[in-house]
Structure formats: C-alpha cells, structure tokens
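Report on the structure given below.
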Amino acid sequence: MLERYMRYINIPVNKILIDKYGTLGVDERTLVVLIRLIDIHDSSDQLPDFGTLATHTTMSENDISKIMENLIQNGLIEVETVKDHGKFIERFSLEPLFNKLIKAADTDIGYKKKDPSKIRELFEYVELLYGRVISPNEFQRMNSWLDDSGHTPEKIKEAIDIAYQNQVTSLQYVERILNSTDNRKEEQDSRKRMPVRSWLEGEDVFD
C-alpha cells in the first residue's frame, strides 16, 4: 500500500516554471525553494521560517535567507508585514513570479508564431498557388490569423490547400475552414472535410 502511495503522490509543479526558470535568472537551488513556497502558498500565505524551508534539503538556514533575499530583490516574490489579531506576521505573494512566467510564455508563443522564414514561405506558397501577388487586404488577413488567432503557418497552408482543391481561392472561405477546425476539434482526417457551403450564407466564395 505504501509503495503504491509513493509512486503516485506528487505536488502540483508549474510546468512553465520548470521549463523557463533559467530565463528568470533562477538557479536549481532557488527553484527548489520556489517549489516549496508554491506548495505552502496553496494552504497559507504566511511566510514560513527559514528552518521550515531548509528542512530535508542540503541547504542551511543561511542559504535560504540569501535565496529569499534574492527572490525579493529580483521581483519574483513580495513580502509584507501585517498586523493580525494583535500580532505582526509576514505574508508573501507569488503574483510577481506568475506575472513573469506569463510574460515568458507569451514571448515564447510570439516567437513561434512569428518565425520569419516560415511566414515568408507561407506567403510565397500562396502567391505561387494562386499565380498572382496577394493583395494588401489578403496580406493583412493572413497576418491576423498568425498574430490574433494564433494559427500556425502549417495549419493555414493546410486550410488553403483544402479550399484550393475545391477550386476556391477566397481567403474568406479559408477563414471559415480555420474557424471550423477550432470549433470542432476533431481528428486530422475530420478536419480536412470541406465546410458546407451554407455557412457562406449567399456570399460569393470565388471573389
């Protein structure tokens, strides 16, 4: 029974923190302290003493003290002293850490979306397929798929291929395919089915 318990017990660990801690200037010892703080914060925002954080680690209380000081100075945690039931206690907040993780994740997503070589390849592919230079409006619409909707160049190219195989070169129709893919979340084969023409509600799909 105990063996099974040991195999499956775990604490929630922020995956973005694990993937991105180096970009925040956090080393492995500091990462351990942050993980312990996250675990403690789930039940209480009262700052634990250094002895508690050092328990069962290879770090001393002095090590923990220096790490906590660096976390505060680097804007990863906030600590404030408040009066509670006549006693002064220290409370800590992890919001600064989470805000930095959000920015790190956004930067990573933005980098993936805006890979210059893949975007250039996408526009060149469309122009070659259509046999003409894309218009400014088409350029703007395709950019909005990348920046605002978060579609990848590969996904856009797939939707364009589906429309072109059915002799449709309207980006408006391609957008319908992209939206239907997001809404249905079906398997890849299902995503390749053409949307029904009734979605266009009388619009000319060949313009």
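Taking the average, over residues, of other Cβ atoms within 10 Å as the packing measure, peptides 151-164, 49-62 rank 151-164, 49-62 from highest down. One decimal place: the segment Gln167-Ile102 gains 19.2 nm when fully extended, by the rule 0.36 nm per residue minus the C-alpha distance. If Lys and Arg each add +1 and Asp and Glu each add -1, what is the summed charge of the other residues whose beta carbon sits under 14 Å from the beta carbon of Arg29? Here the count lands on -3.
A cut-off under 14 angstrom between Cβ atoms defines the neighbours of Ile40, and their net charge, with Lys, Arg +1 and Asp, Glu -1, is -3.
Relative protection proxy for 171-178, 65-72, from highest mean packing down: 171-178, 65-72 (other beta-carbon atoms within 10 angstrom). Taking 7 Å steps out from each Cα toward its Cβ at Ser93 and Asn14 produces label points 1.4 nm apart.
Per-residue packing, averaged as other Cβ atoms within 10 Å, sorts the ranges 137-150, 77-90, 23-36 into the order 23-36, 137-150, 77-90, beginning with the highest.
For Lys118, which lysines qualify as cross-link partners when the Cα separation must be under 26 Å and same-chain residues fewer than eight apart are set aside? Cα-Cα hits under 26 Å: Lys20, Lys103, Lys155, Lys157, Lys185, Lys192. Fully extending the segment from Asn179 to Glu124, taken as 0.36 nm per residue of separation minus the present Cα-Cα distance, adds 17.5 nm.
Every number here is computed from the coordinates shown, using simple stated rules; none is lab data. Everything numeric here is computed off the predicted structure, so don't read it as measured data. Positions of Cβ are generated from backbone atoms using ideal geometry, with glycine treated the same way; all protein chains shown enter the neighbour counts.
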